[in-house]
1. Could you list which residues have their amide H under 5 Å from that of Val90, counting only those 5 or more apart in sequence or on another chain, with H placed in the peptide plane?
2. For the stretch 37-53, in order, what is each residue's ³J(HN,Hα) by Karplus, 6.51 cos²θ - 1.76 cosθ + 1.60 with θ = phi - 60°, in whole Hz (x at glycine and Pro)?
3. Rg and Dmax in Å for the stretch 14-151, alpha carbons only: what are they?
4. May I ask for the percentage of alpha-carbon pairs in the stretch 139-237 that lie more than 15 Å from each other?
5. In nm, what is the difference between 0.36 nm times the number of residues separating Leu178 and Lys95 and their Cα-Cα distance?
6. Just reorder Glu38, Glu202, Glu52, Glu80 by solvent-accessible area, largest first, 1.4 Å probe, all chains present.
7. Grab the Cα-Cα distance for Lys50 and Ile20, subtract it from 0.36 nm times how many residues apart they are, and report the gain in nm with one decimal.
8. Calculated from DSSP H runs of 4 or more alone, at -39500 (n - 2.57) each and per residue, what is the 222 nm mean residue ellipticity of the chain, nearest 500?
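The values are calculated or read from the model by the stated rules, or taken from the named source; none is laboratory data. No experiment lies behind these values; they were computed from the predicted model shown. We place every Cβ from the backbone using ideal geometry, glycine too, and count neighbours over all the protein chains shown. Only protein heavy atoms, including side chains, enter the accessible area calculation; ligands, DNA and RNA are left aside. Shrake-Rupley method; radii C 1.70, N 1.55, O 1.52, S 1.80 Å.
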Amino acid sequence: MSSLLQGYQSCSLFAVVVLITTVGFLYFDAHSPVAPAEYQTVVEQLGSSKSEYVSTFALLVLRLTLGSVIWLSCLWALFEPSGLRLTLQVRGKTKKCVLRNHRRFTTFTMWCWSLLGGYMALASLCSMAAISDSSWLKVPHQLLELTPILFEVSFAMAYLVTIVVSFVLIPGQEKAGLPTDVFFHPLALLAHNFNVLVMMIEVCLNRVPIQLRHLPYVMLFGIAYILFSWLWFELTGVFYYFFLDYEHPNAVLWLIGLLLTCSGSYLLGVFLTAAEDYAPVEYLSLVQGGIVLFSLCIMTVVDRTKPKMTTPTPETKAS
């Protein structure tokens, strides 16, 4: 039984089956390009503010500001000379590695962070088009089709990353006696917390619904990183995440759990945006307040492993 749950052949067979099934779903879900008559409606939906307190122009400024943080941080990660130092447990051995330049973008967090940066660029473009009323800017229909998909996947991945980091990776590092300071560097804090903040703002202001039929895109994203992580292990001998190791006991169950977690994060977005859509006007602020509270509760911005500062007593001074 164990041979069916671990090992490269079993895991790769599982990945291929999921990949083929997912592509099949997307093939049957294929739709025609945005028609010219629908163009302005789609632009308004993707680019305008649905809040009575925030104008579409203010949403554009906010998107450009938030997006700039992401884009500049990606440049910083790409050219930072010192790089990121990691201490990892790989198949029972402690390994140290330094990620510099393009290697900084080999972690799942940076994949999701870059995806979010791409969404913010397209969302800002849609806001510009909504303000200009198509008089000087026309967004290609391919980008109009891509923007909501990037939003949906970015939402799911943002909440997934933050939840996994806060409740799996940091506690796992603490339990193994490994340093957790890597999660509290400026870029890590941004990628693990600012991502949820951006998505929270988008959900509350733009309120584009997350569609259940686009769930396979999240599965594709997850499978793509799983396959990449196996290739990266062959090149470097490193797994950043222990649950992606195909030699781990019950490895297939780990992968199933990971994809189910991705799906669950996506379904969370479906539920939250549906709650906004169907909530009576008088209860909308209550629903959005719940979204904000939940988002803040899953963030981790303080390193719990660092000793707390205490006021020295005379006894401790004497000792």
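1. Lys95
2. 5, 8, 4, 5, 5, 5, 4, 4, 5, 7, x, 9, 8, 9, 8, 6, 9
3. Expressed in Å, the Cα Rg and Dmax of the stretch 14-151 come to 19.7, 61.
4. The answer is 72 percent, as a whole percent.
5. 28.8 nm
6. Glu52, Glu38, Glu80, Glu202
7. 7.0 nm
8. -21000 deg cm²/dmol
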